[in-house]
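Data first, discussion second: the structure below is written as structure tokens.
The values are calculated or read from the model by the stated rules, or taken from the named source; none is laboratory data. The shown structure was predicted, so the numbers you read here are calculated from the model rather than taken from an experiment. Heads up, the Cβs are rebuilt from the backbone with ideal geometry, glycines too, and the neighbour counts pull from every protein chain shown. All accessible areas refer to the heavy atoms of the entire protein, side chains included, with ligands and DNA or RNA removed. Shrake-Rupley method; radii C 1.70, N 1.55, O 1.52, S 1.80 Å.
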Amino acid sequence: MELKGQHILSVKDISLELINELFQVAEAMRPYAKRQKVSRVLEGALLGNMFFEPSTRTRVSFGCAFNLLGGEVRETTGLSNSALAKGESLYDTAQVLSGYSDIIAMRHPAAGSVAEFAQGSRVPVINGGDGPNEHPTQALLDLFTIQKELERQGKSINQLSLTMLGDLKHGRTVHSLCQLLSLYSNLKIQLISPEALAMPSEFVDILVNAGHQVEVGTKLEQGLPQANIIYQTRIQEERFKSQEEANRYRGYFRLNKQIYFEHCQPNAVIMHPLPRDSRNDANELDNDLNAEPGLAIFRQTDNGVLVRMALFACILGVENQLKKYERDVNWFTGLRNKPQV
Ligand code: CP
């Protein structure tokens with residue numbers, strides 16, 4: 001598989017063929033992720049998990065994915081806790097950390113920083129988010145989730161009608177997802193945001209040039225009725241010039257049960273890259289949706305582990321050796337394997 005030994009820096013480097021192969025491997029990871037089996041295929045391998053910007057699920061799921069394959073994880077979190085704060089260059093940091101690791105996952109607040117880091121690395125580097133630029137593994141897990149959710153409804157990706165909602169200007173997850181969706185054609189994509197937070201034209205053009213039917217709007221209700229998948233996003237307040245400016249959009253689009261039942265298709269799927277902003281004045285995805293079967297946000301985060309396990313296995317060239325290093329689980333796993341909504 002062409003992923004062996006490769007960096008994952010941008011979705012631009014990812015082909016449809018590669019996605020299909022990767023998703024097959026991700027599916028094969030399910031018994032290990034659900035603790036039905038253990039695989040020690042990466043025993044002895046080390047992941048450098050370098051997160052220079054806040055993260056919960058990307059950082060932990062990278063670590064969890066590596067551990068589930070038998071590898072060990074070494075982490076650093078926060079710029080101020082690293083020697084980058086003392087003026088060390090990304091090149092030097094990469095030279096050092098790649099001497100300690102077999103593979104590195106990295107997040108950094110500056111666009112292009114992970115690619116710059118990769119130039120100094122002696123091992124493969126995976127981009128866990130570089131500022132407002134890209135979040136390729138999130139886009140892969142989002143696409144995997146879209147496919148799985150449509151399959152649950154007896155549909156294929158060709159029947160996708162997707163509404164992206166919220167801060168489409170700063171959201172790196174939607175920028176990366178648009179680029180992956182451009183590998184398909186003739187999908188229906190609705191882009192709904194406050195006017196000032198519209199999807200940058202380069203990504204709209206990518207979708208249009210791929211042959212998708214693209215509609216751009218500013219009203220929540222405008223994007224909901226035709227969507228079988230709704231992808232809500234957070235106002236990315238850390239990307240605004242001032243907090244006052246960000247506050248103008250806090251709570252701009254709130255999705256709750258009443259709006260869901262009034263405007264959405266029955267069984268419409270709700271996704272969100274998370275974190276959702278649950279503060280009272282934001283409440284972009286209300287807790288009253290938590291018990292709705294259409295709310296896929298935690299199936300989405302679980303899928304992140306499968307996709308990241310598949311990436312590690314393929315990049316390190318062990319995707320065909322999982323069973324050779326497999327054994328039974330010897331602890332109680334009953335509660336965590338209860339079916340999710
Ligand atoms: N989706 C995502 O990137 O979440 P974290 O910021 O918690 O990693």
Largest fluctuation, Leu140, Leu289, Leu220 only, Gaussian network model of the chain with Cα springs under 10 angstrom, belongs to Leu289
Mean accessible area per residue over the range 136-297 (1.4 angstrom probe, all protein chains present, square angstrom) is 40 Å²
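Please tell me which of these pairs span more than 26 angstrom C-alpha to C-alpha: Lys37/Lys148; Lys148/Lys324; Lys4/Lys188; Lys12/Lys148; Lys155/Lys188?
Lys148/Lys324; Lys4/Lys188
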So, with points 7 Å from each Cα along the Cβ direction, the Asn186-Ser82 label distance in nm works out to 4.5 nm
A convex hull over the alpha carbons of the range 136-297 yields, per residue, a volume in Å³ of 101 Å³
Computed from the beta carbon distance with a Förster radius of 41 Å, FRET efficiency for Glu151 and Glu195 to the nearest 0.05 stands at 0.70
For Lys34 and Arg239, extending 7 Å from Cα along the Cα-Cβ vector and measuring point to point gives, in nm, a value of 3.5 nm
For 190-198, 105-113, 273-281, ranked highest to lowest by mean beta-carbon neighbours within 10 Å, the order is 105-113, 190-198, 273-281
Computed over the chain: longest principal axis from alpha-carbon atoms vs helix 16-28 long axis, angle to nearest 10 degrees, is 70 degrees
Net charge near Glu245 (other residues with Cβ under 11 Å of its Cβ; Lys, Arg +1; Asp, Glu -1) is +2
Debye calc, one equal point scatterer per Cα of the chain, no solvent, log10 I(q)/I(0) at q = 0.15 1/Å comes to -1.33
Glu202 and Asp288 label points (each 7 Å along its Cα→Cβ direction) are spaced in nm at 4.1 nm
The summed charge of the Gly294 Cβ neighbourhood (under 12 Å; Lys/Arg +1, Asp/Glu -1) stands at +1
Total charge of the residues flanking Arg172 in space, meaning their Cβ is under 15 Å from its Cβ, with Lys and Arg +1 and Asp and Glu -1, is -2
